[in-house]
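Colleague: Quick one: the structure is below, and I'll ask about it shortly.
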Amino acid sequence: MIHELRTYTLKPGNVAEVEARFEKSLPARVKHSKLGGFWHTEVGPLNQVLHLWPYDNLAQREKAREEARKEADWPPNIREFIVTQESEILIPAPFMHPLAEKRLGNIYEMRIYTYQPGTIPEVLKHWGELIEGREKFSPLAGAWYTDIGGLNKFIHLWPYESFEQRERVRAEARRSGKWPPASGGFLVRQDTKLLVPASFSPLH
């Protein structure tokens, strides 16, 4: 199983229009493979939309994208709004729950950690030992490491009902003394984005 994370940076003021056009064109696309989730940034790098696509493998990705391009309504007519496009192929962490259509929160925090080369297996080990305890405070929507694109990244996605709940949960997890995992010594960089799911996002 692989997931493709596509991040589009837009000209300011166009997120709502891009989401509307994407939603209109989406039925043509999902005939060929499912959408995992769709969000726009609220805090962090602004004017971004992110869409997540699960595939069995790279061959299925290529086939689905090739077939979708034959559809009259795909891709959505959003080229005029795009400044940059990024694509990363992600491998789900061993402890990640399978993606499914469900409502988990009103906001999502995507944390992107870049680690020293060669340390991702150790990071996954430390996280795997503690993640069950962390999920007693709030669920983990997804966790991946990069395989193609920016390498040595570990991306984790957390849903919350509100900004206030996010602050409360994170404080409670730290006070437990069992979080965060002991992988900080490998860190090179940390980034975070607070995301709002689109109305049509399967993961909401």
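Colleague: Over the residues of region 2-197, compute the C-alpha Rg and express it relative to 2.2 N^0.38 Å.
Modeller: Expressed relative to 2.2 N^0.38 Å, the Cα Rg reads 1.06.
Colleague: Measuring from centroid to centroid over Cα atoms, what is the spacing of region 1-42 and region 68-126 in Å?
Modeller: If you average the Cα positions of each part, the centres end up 11 Å apart.
Colleague: Taking neighbour counts of Cβ atoms within 10 Å as a proxy for exposure, in what order, fewest first, do ARG175, ARG168 appear?
Modeller: Fewest-to-most ranking of ARG175, ARG168: ARG175, ARG168.
Colleague: Could you please tell me the mean projected area of the C-alpha convex hull for region 60-170, averaged over all directions and given in square nanometres to one decimal?
Modeller: Averaged projected area of region 60-170's Cα convex hull equals 9.5 nm².
Colleague: Helix 120-134: angle to the longest alpha-carbon principal axis of the chain, degrees 0 to 90, nearest 10?
Modeller: Tilt relative to the chain: about 80 degrees.
Colleague: Given labels modelled 7 Å from the Cα in the Cβ direction, how far is it in nm from GLU129 to ARG103?
Modeller: 3.9
Colleague: Just how large is the dipole of region 2-197 about the Cα centre, in debye to the nearest 20, putting +1 at every Lys and Arg Cβ and -1 at every Asp and Glu Cβ?
Modeller: Its charge dipole is roughly 160 debye.
Just so you know, all these numbers are worked out from the coordinates, no wet-lab data involved. All values derive from a computational prediction rather than experimental measurement. Glycine also receives a Cβ, built like all others from the backbone with ideal geometry; neighbour counts cover every protein chain displayed.
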